[in-house]
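The values are calculated or read from the model by the stated rules, or taken from the named source; none is laboratory data. The structure displayed is predicted, hence computed values, not measured ones. Here the Cβ positions follow ideal geometry from the backbone for every residue, glycine too, while neighbour counts run over all protein chains shown. Heavy atoms of the whole protein, side chains included, go into the accessibility calculation; ligands, DNA and RNA do not. Shrake-Rupley method; radii C 1.70, N 1.55, O 1.52, S 1.80 Å.
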Amino acid sequence: MQDFANKVTVITGAASGIGAALARKAAGYGMKLVLADVDMAGLEETARSLGDAQYFPMRVDVSSAEDVERLADTTLTRFGAIDLLCNNAGIVPGGRHRAVWEYEVQDWLWAFNVNVLGVVNGLRSFVPRMLATARPAHILNTASVSGFISGAGSAVYGASKHAVVRVTEALQASMLECGAPIGVSMLCPGLVNTRIFETERVRPDHLRSDAVEMEEPETLKSIAAGGADPDEVAQQAFDGIMANRFYIFTSDSFDAAIAQRTEWILSRANPAFDDFTAMSQKDVKPA
Ligand code: NAD
């Protein structure tokens, strides 16, 4: 996709962070926007940064197939097309470092409902409508470098992002198989300065977990502050879409860990994973 002016984009998780930055970038390119999130106040804030772009904000829980169907229908009713779908909403169950068996069932359900089913719901509702128009289009799924590395830390989030990688690679393969004029890109950010570590704020009540021992808010903010600027990440995403690039990595800090894991797999060696937190620290900007 080369020309964005007057095209229609749908962005989930647009109330904050990378989603809000994708919205600002899309508005800058002259796109019409449908902005989806569970946080309506955040969507209003994003909307205030869009200049005179045409936009429509919607309360959508991406883990609800009904909500995402409504999003697809409303997009077509409002703007008559779907040119760029950004399946971006995502969460990280909070709390201090836990071993894989120490997470609660609620953590697994919440992460897989939003991070994996959220993307799948987007594909199930939008792709048939996009195929029906036979109009050139593009899909951007936000995965993470966490979808390519492993280790003890952040196991729930990592497992959900490994699943997003598999889903998105299957999407690319299916598009090639059916010869559809729909490009696919997968955004794989390293650490980005967003509210991702504060996502407990949007955990639904029925999946609350009493076991979550949160880090201090200031600690979380200072970890995020070392990450990349979301506006730069959004520019990398749009550059990747324009180049029809599938893998869009925003940092090479994790390349050695990805290569090491691949090497263990190919040589059938037992893995000896690095401390995950130390690995993530490699992505922190020098102060
Ligand atoms: P963020 O918390 O700033 O923004 C995420 C947005 O998703 C929020 O506005 C939140 O309200 C929304 N959201 C959460 N649950 C939702 C649901 N059920 N339905 C609809 N919207 C929902 O975080 P971010 O960093 O901008 O995250 C965006 C994407 O980037 C996520 O998929 C995340 O996993 C991925 N990512 C982030 C980083 C990072 O370091 N920030 C790194 C790699 C990947």
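Data for the structure
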quantity	calculated
Tyr247 long-range amide H proximity, modeled H, under 5 Å	Met186
Magnitude of the charge dipole, the chain, Cβ model with Lys/Arg +1 and Asp/Glu -1, debye to 20	720
The chain: relative contact order in percent, alpha carbon pairs under 8 Å with at least 6 residues between	20
Segment 89-211: relative contact order in percent, alpha carbon pairs under 8 Å with at least 6 residues between	38
Summed residue charge, Cβ within 12 Å of Val156's Cβ, Lys/Arg positive, Asp/Glu negative	-1
Largest-first principal axis extents, alpha carbons of the chain, Å	50, 42, 38
Long-range lysine pairs (8 or more apart or interchain), the chain, Cα under 29 Å	13
Residue with peak Gaussian network fluctuation, the chain [Cα springs, cutoff 10 Å], from Gly240, Gly122, Gly51	Gly51
10 °C / 1.306 mPa s Stokes-Einstein diffusion coefficient of segment 25-89, Kirkwood radius on C-alpha pairs, µm²/s	130
For the chain, built as a Gaussian network whose Cα springs stay under 10 Å, the top-fluctuating residue of Thr74, Thr133, Thr46	Thr133
Accessible area of the chain belonging to carbon and sulfur atoms, whole % at 1.4 Å probe	53
Candidates Glu69, Glu200, Glu216: whichever shows maximal mean-square fluctuation once the chain is modelled as a Gaussian network with Cα springs under 10 Å	Glu216
Inter-centroid distance (Cα atoms) of segment 125-195 relative to segment 31-91, Å	18
Probe 1.4 Å, accessible area per residue of the chain, Å²	46
